[in-house]
Amino acid sequence: MSFTTLSEHPCFGGVQGFYQHASTVIGLPMRFGVFVPPQAKVGPVPALFWLAGLTCTEETFAIKAGAQRLAAELGLMLVTPDTSPRNTGVKGAEDAWDFGNGAGFYLDATQAPWAHHWRMESHVTGELPALLAQHFPLRQGAMGVFGHSMGGHGALTLALRHPGLYRSVSAFAPIAAPMRCPWGVKAFTGYLGDDRAAWAAHDATALIESGARCPPLLIDQGLGDKFLAEQLLPQRFEAACRDAGQALRLRRHPGYDHGYFFIASFVEDHLRHHAASLLG
């Protein structure tokens, strides 16, 4: 697999780059970002995948979260995939901000016309790590995943659906029970059809209830988040983890909203959470 460099920027002794490759899984060019820390000059480093939320791109976290400073200190590669295919020509892909473009939900769609290109699960868990292993200083067997909102949903479900792939997992304000919220119902109906069993296979709460497990979880949730009550439902996920014995640390923060000021406030804790597993 080959890729094209779109831009590279010296950053805290490492390099923040943005790239594009011809995805065979998705059938279109896909963009991604990589921060390579200075430790990569002497050997491979662990990779931490950030899955962004609705409407975001491969640049959002790299520009807004302020994570590179500590990643450079710890020796963590930060990988930021885009959130969906782009320029697909699919009718309706640009009609809504919470479905289609910028809203891949980190699953492989099964319904027309989405099934041909909307294959974000295969892209994130298989194709992109393989490309990184070929062209970047990725330490084998040392990957973690975290994300925000739709991407928090992705981090939880991909870790639960692919046991052993990620050594560490965390999330900010994840869509924790998508079968029970408007965002999830809309996405699952469009991408997966009406079969609720197919929905449950991509719902973090349902996966825990069905026996899936992952490494100990850290979740941060702002209590000033306007989406908390209707869309995110962390209390349902918390209850499922408690009943199942899945290790979870769910921290609730008064006043914090759903945006990147919230993420920037606590991203250090998440990087250290991942470093404890990836560098241990």
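Looking only at the range 66-88, which residues are within 17 Å of residue 276 (Cα to Cα), open to solvent by less than 30 Å² (accessible area, probe 1.4 Å) and either β-branched (Val, Ile, Thr) or in contact (Cβ under 8 Å) with a residue 60 or more places away in the chain (or both)?
Matches in the range 66-88: 67, 70, 71, 72, 75, 76, 77.
Modelled with pLDDT of 95 or more and either assigned to a strand (DSSP E or B) or among the hydrophobic types (A, V, I, L, M, F, W, C) (or both): does that describe residue 80? Quick ask: steps written out before the conclusion?
Working: modelled with pLDDT of 95 or more: yes; either assigned to a strand (DSSP E or B) or among the hydrophobic types (A, V, I, L, M, F, W, C) (or both): yes.
Criteria met by residue 80.
Does the range 106-122 include one or more residues that are closer than 28 Å to residue 40 by Cβ, hydroxyl-bearing (Ser, Thr, Tyr), assigned to a loop (DSSP other than H, G, I, E, B) and open to solvent by less than 10 Å² (accessible area, probe 1.4 Å)? Working first, answer last.
Just the residues of the range 106-122 that are closer than 28 Å to residue 40 by Cβ, to begin with: 106, 120-122.
Filter once more, so that each one left must be hydroxyl-bearing (Ser, Thr, Tyr): 106, 122.
In the following step, the residues that additionally are assigned to a loop (DSSP other than H, G, I, E, B) were identified as 106.
Subset that is open to solvent by less than 10 Å² (accessible area, probe 1.4 Å): 106.
Looking for residues that are closer than 28 Å to residue 40 by Cβ, hydroxyl-bearing (Ser, Thr, Tyr), assigned to a loop (DSSP other than H, G, I, E, B) and open to solvent by less than 10 Å² (accessible area, probe 1.4 Å), one finds at least one in the range 106-122, hence yes.
Pick from the range 124-150 the residues that are assigned to a helix (DSSP H, G or I) and of a type in the set (S, T, N, Q): which of them is nearest to residue 55 (Cα to Cα)? First the steps, then the outcome.
So the first thing to find is which residues in the range 124-150 are assigned to a helix (DSSP H, G or I), and the list is 124-135, 150.
From what's left, of a type in the set (S, T, N, Q): 125, 134.
Working: 125: 21, 134: 29 Å.
Filtering the range 124-150 for residues that are assigned to a helix (DSSP H, G or I) and of a type in the set (S, T, N, Q), the one nearest to residue 55 (Cα to Cα) comes out as 125.
Select from the range 243-270 the residues that are touching a residue at least 40 places away in the same chain (Cβ under 8 Å) and among the aliphatic types (A, V, I, L, M) and write down the one among them that is most open to solvent (accessible area, probe 1.4 Å). Before you say what the answer is, go through the steps one by one.
Taking the range 243-270 as the starting set, the residues that turn out to be touching a residue at least 40 places away in the same chain (Cβ under 8 Å) are 258, 260, 262-264, 266-270.
Checking the rest, the ones that are also among the aliphatic types (A, V, I, L, M) come to 263-264, 267.
Numbers: 263: 0, 264: 46, 267: 7 Å².
Across the range 243-270, the extreme among qualifying residues is 264.
Evaluate the following for residue 33: is it within 16 Å of the chain's Cα centre (by Cα) and under 18 Å from residue 138 (Cα atoms)?
On the way: within 16 Å of the chain's Cα centre (by Cα): yes; under 18 Å from residue 138 (Cα atoms): yes.
When the stated conditions are applied, residue 33 passes them.
Being among the hydrophobic types (A, V, I, L, M, F, W, C) and not in a helix (DSSP H, G or I) is the filter here, so list the residues in the range 151-174 that pass it. Quick ask: steps written out before the conclusion?
Step one: list which residues in the range 151-174 are among the hydrophobic types (A, V, I, L, M, F, W, C), which gives 155-156, 158-160, 165, 169, 171-173.
Correct list: 165, 169, 171, 172, 173.
The values are calculated or read from the model by the stated rules, or taken from the named source; none is laboratory data. Everything numeric here is computed off the predicted structure, so don't read it as measured data. For neighbour counting, all protein chains shown are included, and Cβ atoms are generated from backbone atoms with ideal geometry for every residue, glycine included. These accessible areas exclude ligands, DNA and RNA; they are computed on the full protein's heavy atoms, side chains included. Shrake-Rupley method; radii C 1.70, N 1.55, O 1.52, S 1.80 Å.
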